[in-house]
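The values are calculated or read from the model by the stated rules, or taken from the named source; none is laboratory data. Owing to the predicted nature of the structure, the values given are computational and were not obtained by experimental measurement. All Cβ positions, even for glycine, are placed from backbone atoms using ideal geometry, and neighbour counts span all protein chains on display. Each accessible area value is taken on the protein alone, full model and side chains, heavy atoms only, with ligands, DNA and RNA left out. Shrake-Rupley method; radii C 1.70, N 1.55, O 1.52, S 1.80 Å.
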Amino acid sequence: MKITKVEPIMTGWRRMFVKVYTDEGIVGVGEGGNWGFRESMVGAVRRMEEPLLGQDPLRIEYLDKELYSRFKFGGTSVCGAISAIDIALWDIKGKYFQVPIYQMLGGAVRTRIRLWGVVRGKNIQQSVESAKKLKEEGYTCIRLNPTNIQEAEGSYAKRQSAMSEMIHAVREAVGMEVDIGCEIHRSLQPHESIDLMKRIEDCHLLFFEDPINYENYYTLQAVCRKAEVPVGVGERSFCIQDVDMLLREDNVSFLRPDVCIMGGITGCKKAAAIAESHYVNVIPHIATGSINTAASLHLAAAIPNFEVMEMCPAPDPEWEKIQQEIKQPFVIEEGHMLLPEGPGLGVELREDILETAPYHEWKWSLDYNEYK
């Protein structure tokens, strides 16, 4: 079997998919995760097509190594392209052997994948009501973002107090039966995150995600050491060397690799093994579409140190978009997602996806308030 074509596909909803074609008629699909720079990922995929033509798609490790060796100087755009191709190759391999991808990764450690529910609300009261509803729907883990509420504006003292109040209010509302994750999204300074973590130590969070921008690993280590709250990082890591640096001082409690940036399924399986050696569990990061979700499901099923998977459950518009992209919708039962059982990824993009979600350029804005 030989690769005959590698096709990047940009759709609406900030997606960049890749289809890899073979001379035996088997087509694999993948997805790149650098949604803010899709055009650069498309360029990288087109650049990578020529050396892939005529290659055996079953030699995934070899092809990944060659692509990374030739094109590694490109960060998340290049590694997003490599990730998309890697996922498509695993899809081909599963279809060729007629088994789900997780079976080729060692088999299922679990058959249902625990999800978190996203707490929505513009203020503390709305957030509390959202958390209660998610608990009623069967979610045993929820994630909130205290930096986005209306009360967290004004002076430093007022913001810090409001964020702490929100987290305490949600914990009181759901009790100790539900795990809580706190998303900071790199929007606080080190001293702000340290102060907030100290204020909420009694809330027993599962994780405190991305407390700072951590281009400087030493600063992240300092933040982690100064508060007794588990920290989760890694959603923008694009190589296993970065994972090693993040975990080297054993300050990080959870790793957040994105299968559409971290070298695909191959790269994330290696990242999970590195994390396992540090007794760190994995929370896959999902920021794009249906193929990101499907590939993350197979990863979550096959690794021993999985914790919970990111998800925006219905009626969230993002979840509805994901379901509309594929022929076989994902199934959620009581806060868990069932594994696709078909060969390869177990899901297929709709043939009319460009009609369902036609491509349009994502407009940038420098107005911070637009994103709050």
Zone reached by a paramagnetic label modelled 7 Å from residue 327 Cα along Cα→Cβ, restricted to the range 13-52 with backbone N below 19 Å, covers 17-31
How large is ³J(HN,Hα) for each residue in the range 177-193, as worked out from phi by the Karplus curve 6.51 cos²θ - 1.76 cosθ + 1.60 (θ = phi - 60°), to whole Hz, x for Gly and Pro? 7, 10, 6, 10, x, 10, 9, 9, 6, 6, 9, 10, 7, x, 5, 5, 5
Within the set 95/269; 65/95; 158/226; 135/327; 132/198, which residue pairs have Cα atoms separated by over 27 Å? 135/327
Applying 1/(1 + (r/R0)^6) with R0 = 51 Å to the Cβ-Cβ distance of residue 153 and residue 351, what FRET efficiency is obtained, to the nearest 0.05? 0.60
GNM top mover of 263, 234, 175 - the chain, alpha-carbon springs below 10 Å: 175
Accessible surface of residue 96 in the full protein assembly, 1.4 angstrom probe, to the nearest 10 Å²? 100 Å²
For Cα extents along the principal axes in Å, calculated from these coordinates, the label among [x] 63, 42, 40; [y] 66, 51, 49; [z] 55, 48, 44: [x]
Exposure ranking of 140, 4 by accessible area [1.4 Å probe, largest first]: 4, 140
What accessible area, in Å² to the nearest ten, does a 1.4 Å probe give for residue 356? 40 Å²
Let me cross-check residue 158: its accessible surface, 1.4 Å probe, with only protein heavy atoms counted, in Å² to the nearest 10? 100 Å²
Rank 206, 366 by accessible area, highest first, at a 1.4 Å probe radius? 366, 206
Can you check what the net charge comes to around residue 284, using other residues whose Cβ is under 10 Å from the Cβ of residue 284 (Lys, Arg +1; Asp, Glu -1)? -3
Cut-off 15 Å between beta-carbons: net charge of the residues surrounding residue 358, Lys and Arg +1, Asp and Glu -1: 0
With point charges of +1 on the Cβ of Lys and Arg and -1 on the Cβ of Asp and Glu, referenced to the Cα centre of the range 157-202, which listed residue (178, 157, 167) lies farthest in the positive direction of the dipole? 157
I'd like the GluC sites (Glu not before Pro) in the range 138-181 restricted to DSSP loop residues with at most 13 other Cβ atoms within 10 Å, sorted by number. 153
In the range 280-372, if the dipole is taken from +1 on Lys/Arg beta carbons and -1 on Asp/Glu beta carbons about the Cα centre, which of 284, 315, 358 is farthest to the positive end? 284
Kindly write out, for the range 280-288 in residue order, the coupling ³J(HN,Hα) from the Karplus curve 6.51 cos²θ - 1.76 cosθ + 1.60 (θ = phi - 60°), rounded to whole Hz, with x marking Gly and Pro. 10, 8, 10, 10, x, 8, 10, 10, 10
Quick one: putting +1 on the C-beta of Lys and Arg, -1 on the C-beta of Asp and Glu, what dipole do you get for the range 220-372 around its Cα centre, in Debye to the nearest 20? 520 debye
If each DSSP helix of 4+ residues adds -39,500 (n - 2.57) and the sum is divided by the residues in the chain, what number results at 222 nm, nearest 500 deg cm²/dmol? -12500 deg cm²/dmol
Compute, for the range 104-250, the length of the dipole vector about the Cα centre, with Cβ point charges of +1 (Lys, Arg) and -1 (Asp, Glu) only. Units Debye, rounded to 20. 300 debye
Placed amide H near residue 142: partners under 5 Å, 5+ positions off or other chain: 117, 179, 180, 181
Positive-pole candidate from 107, 263, 349, dipole of the chain, charges at beta carbon: 263
Which residues' amide hydrogens lie under 5 Å from the amide hydrogen of residue 342, considering only partners 5 or more residues apart or on another chain, with H built in the peptide plane? none
Name the residues whose placed amide hydrogens come within less than 5 Å of the amide hydrogen of residue 311, ignoring near sequence neighbours (fewer than 5 apart) on the same chain. 116
Around residue 59 (Cβ within 13 Å, Cβ-to-Cβ, excluding residue 59; K/R +1, D/E -1) the net charge comes to -2
Want the number for residue 228 to residue 69: 0.36 nm per residue separation, take away the alpha-carbon distance, what's left? 53.3 nm
Could you give me the ³J(HN,Hα) list for the range 294-303, computed from phi with Karplus coefficients 6.51, -1.76, 1.60 and θ = phi - 60°, whole Hz, x at Gly and Pro? 5, 5, 5, 4, 5, 4, 4, 5, 9, 9
With charges set only on the Cβ (+1 for Lys and Arg, -1 for Asp and Glu), what does the dipole of the chain come to about its Cα centre, in debye to the nearest 20? 400 debye
